[in-house]
Every structure is written in C-alpha cells, then in structure tokens.
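Let me begin by presenting the structure, written as structure tokens, before commenting on it.
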Amino acid sequence: MSEASTAKATFGFKDVDAAEKAGLVRGVFDKVAGKYDLMNDLMSAGVHRLWKDMTAARLNPQPGETIIDCAGGTGDIARRLAKLARQAKKRRGGRDARIFIIDYNAEMVAAGREKGLDPEIAACVGDAQRLPLPDASADAYVIGFGIRNVTDIPTALREARRVLKPGGRFLCLEFSRPRAMPLRTAYDAYSFSVIPRIGEMVMNDKDSYQYLVESIRRFPNQDDFARMIREAGFSNVGYTNFTGGVAALHHGWAI
C-alpha cells in the first residue's frame, strides 16, 4: 500500500484518510454557507467581529498592496481590509489595494458575492495548499478561521510563504487554547453543550457544528502552531491572545 493511501488527517475527533478530508470539509461548508455569518454572531455573541477588526488593523493594508485573504469565504475580513486600504489611500494617495479572496468552497464564495464585494475585492475558488498565484506576488496574506480545515497545515503554511514578497506579512486568526483553567473549563462546556444545539435550532444541522468544536480541540496550541509557522520559513513569529486565548492572532514575516 502506498504512503499516499495510508496518510491520515484529522476531521474533528476522527482520523480519516487524507484524501477524504477535503470532501468532508466541503460538505460541512456547503451546508452552513447560507447562514455562516449569522451563526458566527450567535455562537460568539458578536465577539468575532472585534477579533476580525483587530486582525485587519494589525495587517494595516496600504494603497497599491496585493493582499490574499485565504479561506476568506463570505468576505468578512476582506471588507474590513478594503475599508482600511481606502482610508490609507485617502491620507496618502496612490493606487487601490487589490484583495483576493481564495476559498476552497464554492458555496462560501457565492455567499460572499451575494452580500456584495467592494471594488478592491475579487473572489475565486482555490486551494490553500496550491494557491493559484506566482511566487513572491503578494504583500500580505491573512487566513481567518480556515487553517484548521485544510488537510495538510504545513503545506498551506509553506504556500503562504511562497506567495509572499520579501518583507510580506502573514497573519492567521484561529480559535485556540484558553490560558486560564477556569475559562478553559467554561469554554469547553459552552462549546460542546451549546454550539451544536444552536446549529440544530438555527440550521437544523447539529453535526456540522459538532465538527466545528471538535476541530478546534484538535488544533495545535499557540506555541505549537507558532513553531509550525517558523518551520514554514517565517521570521519574527509571535501571537496575540484574544479573549483569554479563545482565539489567537499569529503573525510572521517573509524575510
């Protein structure tokens, strides 16, 4: 039996054949795309908006830059980046920024287009592990709540490094590990008891949100993920915890 046929990937708490994960994840997001943003508001009481605001501000988009919003789905982060880029252009002048949403799921891309995309934004279906971009073509790369869904995280990180210009910025916003044990205990109880129930009530889909909370628990903690980013070739790697570590914003530089 070949190595490819025996490779495994995580899908929630299950280990599945690596070749199957992309299709399983696609099935999840096919089902949730239409109410993805609503569910984010319900599950986080709107706090995800603050995390995305801070992510966009940290990336600090500038006029004329090319920015990749990988796994950008419905365009939540891309719209924030476009707004900040326009504000910077008004202050400094220069060309419009170009923001490319690349998402593996066509239904998520379609949901983003239905909401409307700013003139600076283009969206397409593409794979984080094989980005449809030349080497050293982007000034910044951001991925929000998407890296844990890819089949091979190290490959996706190396792809991010490949497409960034020298000096390019890498940002990854992802659910993470609360630092304080009382918060971790409360967060686990909420995640496993409440989130799947919200999915069942609003979406008639408990299983997709059970996968969501399981995938978060299988994702590396802050320090382990920072190590993976360094191993992909990034420098000056670090992270900022949001809401006590419920989410974390990782950063690195392509130097």
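For region 34-69, the tally of residues that are hydrophobic (A, V, I, L, M, F, W, C) and closer than 25 Å to residue 195 by Cα stands at 9. Looking at region 53-82, which of the residues that are of a type in the set (Gly, Ala, Ser) and buried (at least 19 other Cβ atoms within 10 Å of the Cβ) is farthest from residue 143 (Cα to Cα)? In this case the residue turns out to be 82. Of the residues examined, residue 188 is one that is closer than 19 Å to residue 43 by Cα and in a helix (DSSP H, G or I).
Considering region 97-122, and only residues there that are aliphatic (A, V, I, L, M) and over 10 Å from residue 71 (Cα atoms), the residue that is surrounded by the fewest Cβ atoms within 10 Å (Cβ to Cβ) turns out to be 122. Out of 158, 162, 169, one residue alone is closer than 17 Å to residue 255 by Cα and in a strand (DSSP E or B). It is 169. For region 123-147, a tally of residues being surrounded by fewer than 20 Cβ atoms within 10 Å (Cβ to Cβ) and not acidic (Asp, Glu) returns 10. Only a single item in (1) more than 24 Å from residue 30 (Cα to Cα); (2) in contact (Cβ under 8 Å) with a residue 60 or more places away in the chain is not met by residue 143, and it is number (1).
Yes or no: residue 189 among the small types (Gly, Ala, Ser), surrounded by fewer than 22 Cβ atoms within 10 Å (Cβ to Cβ) and touching a residue at least 24 places away in the same chain (Cβ under 8 Å)? In short, no.
Listed here are the helices (runs of 4 or more DSSP H) enclosed by region 6-73 that have at least 2 residues being polar (S, T, N, Q) and within 20 Å of residue 111 (Cβ to Cβ): 36-44. Taken residue by residue, region 177-184 has at least one member that is buried (at least 17 other Cβ atoms within 10 Å of the Cβ), over 22 Å from residue 103 (Cβ atoms) and of a type in the set (Lys, Arg). Between 50, 42, the distinction of being surrounded by fewer than 23 Cβ atoms within 10 Å (Cβ to Cβ), touching a helix residue (DSSP H, G or I) at 6+ places or on another chain (Cβ under 7 Å), more than 24 Å from residue 132 (Cα to Cα) and hydrophobic (A, V, I, L, M, F, W, C) belongs to 42 only.
Each reported figure results from applying straightforward, stated rules to the coordinates on display, with no laboratory input. Fair warning: this is a prediction, and the values are worked out from it, not measured in the lab. Cβ coordinates were reconstructed from backbone atoms using ideal geometry, including for glycine residues, and neighbour counts include every protein chain displayed.
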